[in-house]
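Below is one structure, written out as structure tokens, with a few remarks after it.
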Amino acid sequence: MKQLLSTLFLLIMGFVINAQELYMFSEPASNMPAKSLTVDLNWRSPVSKSNNYFKQRFMPELHFGVSKKLMLMASTTFSDFYSNQQRWESVKGYAKWRFFSQDDIHSHFRMAAFAEAAYTRNPFIYDELNLDGDNDGVQAGIVATKLQHKLAVSATVGVLKAIANRNKHVHGEGHSLEALNYSLAAGYLLFPKSYESYKQTNLNLYFELIGMRGLGGRDYMLDAAPALQLIFNSNFKINVGARFQLAGNMIRVGENNYFITLERTFLNAFK
């Protein structure tokens, strides 16, 4: 029993210490604890300069901590972005392998490689490419994260290739099918000032710069993405954030977007 409690305590401590790495819009190089399961529900509402319709997308996700180096994720989406009512639209799989780690007390530097693939029933309409419900395709990239006390900074770069099926995609010929994605994210632990118990509520502040450049033309976009995160009992998380376009010429579902995420982590879920 003592060994089990010690193991759970170490897992919880690791979750809290890395809390400021749990970015809302990008994945850090660190993985979730081994043998753990996380269930997410993501909500998104875009705002477009082209119309004032209220649209929303829901994305349930399952994250699996296979080991301290490997994490897997599966997700699906439902939205009314391309229809007059909510409907199922896509499925995605994601894997991340942490291949480098330099750890110290209250600090570490980690690097990981990731790959993902997605299928969607939606038509190819917009310049912006993503695998969160809008495009079929694959993406691979590298992420590096540095944690120093209460501040975590992470950089990501990836190449995404959309797969355009002419029988389904109505505007595929006029769009870049490949894009370079990149982001720079920072997270800071505001509260608690000192850690005494895993039951303490954590408040994290985030800011991310998220960009994309089409590799088949001159289309690009750059967003600023602030967010707040609350963590309760080290296992339940609420994120509230937004993405605001700073620059760009891409046709998008929405130039500005608002997000809410609910997340529950089950430590030591797999024996």
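The values are calculated or read from the model by the stated rules, or taken from the named source; none is laboratory data. Bear in mind the structure is a predicted one, so any value in this text is a computation, not a measurement. With ideal geometry, Cβ positions are generated from the backbone for all residues, glycine too; neighbour counts draw on all protein chains shown.
Overview of results
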| read-out | value |
| --- | --- |
| Test result for S75, farther than 22 Å from T145 by Cβ and among the small types (G, A, S) | no |
| Matching residues, segment 133-149, being surrounded by fewer than 17 Cβ atoms within 10 Å (Cβ to Cβ) and either hydrophobic (A, V, I, L, M, F, W, C) or assigned to a loop (DSSP other than H, G, I, E, B) (or both) | V138, A140, I142, A144, H149 |
| Candidate set: segment 48-69, residues that are of a type in the set (F, W, Y) and touching a strand residue (DSSP E or B) at 6+ places or on another chain (Cβ under 8 Å); chosen: the one farthest from W97 (Cα to Cα) | F54 |
| Hits in segment 93-110 (condition: aromatic (F, W, Y), under 14 Å from S67 (Cβ atoms) and touching a Leu at 6+ places or on another chain (Cβ under 8 Å)) | W97 |
| Some residue of segment 94-115 being in a loop (DSSP other than H, G, I, E, B) and either aromatic (F, W, Y) or more than 23 Å from G211 (Cβ to Cβ) (or both) | yes |
| Pairs with Cβ under 6 Å, 6+ apart, first in segment 101-128 and closer than 30 Å to P46 by Cα and surrounded by 18 or more Cβ atoms within 10 Å (Cβ to Cβ), second hydroxyl-bearing (S, T, Y) and at pLDDT below 95 | N122/Y82 |
| Restricting segment 42-93 to residues that are in a strand (DSSP E or B) and aromatic (F, W, Y), the residue that is surrounded by the fewest Cβ atoms within 10 Å (Cβ to Cβ) | W88 |
